[in-house]
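**Student:** Right, I'll just put the structure down here and ask away after.
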């Protein structure tokens, strides 16, 4: 039951980020649009971290492993030295 609540909160978090793309089409003024967008970002972040807290460390590790491609290796990013080319 707790994991289900965690997944529902995670889904609501992602929906709040999707709503950021949809809100400009509703015809709000610029000031209202800025406030709604800021509120959606804050709510999305809070709900995302709350869902990570509820789902536990294993779910966090799973997300982190999926994003490993963002991390570059230090050996590949450094150009070879001239002494290495000989």
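**Student:** Pairs, please: C-beta under 9 Å, at least 6 apart or cross-chain, first residue over 15 Å from residue 42 (Cβ atoms) and in the stretch 1-22, second loosely packed, with under 15 Cβ neighbours inside 10 Å and at pLDDT below 95?
**Tutor:** Qualifying pairs under 9 Å: 3/56; 6/53; 6/56.
**Student:** Yes or no: the stretch 60-83 includes at least one residue that is surrounded by 14 or more Cβ atoms within 10 Å (Cβ to Cβ) and modelled with pLDDT under 95.
**Tutor:** Keep residues of the stretch 60-83 that are surrounded by 14 or more Cβ atoms within 10 Å (Cβ to Cβ), which gives none.
No, the stretch 60-83 contains no residue that is surrounded by 14 or more Cβ atoms within 10 Å (Cβ to Cβ) and modelled with pLDDT under 95.
The values are calculated or read from the model by the stated rules, or taken from the named source; none is laboratory data. The structure displayed is predicted, hence computed values, not measured ones. All Cβ positions, even for glycine, are placed from backbone atoms using ideal geometry, and neighbour counts span all protein chains on display.
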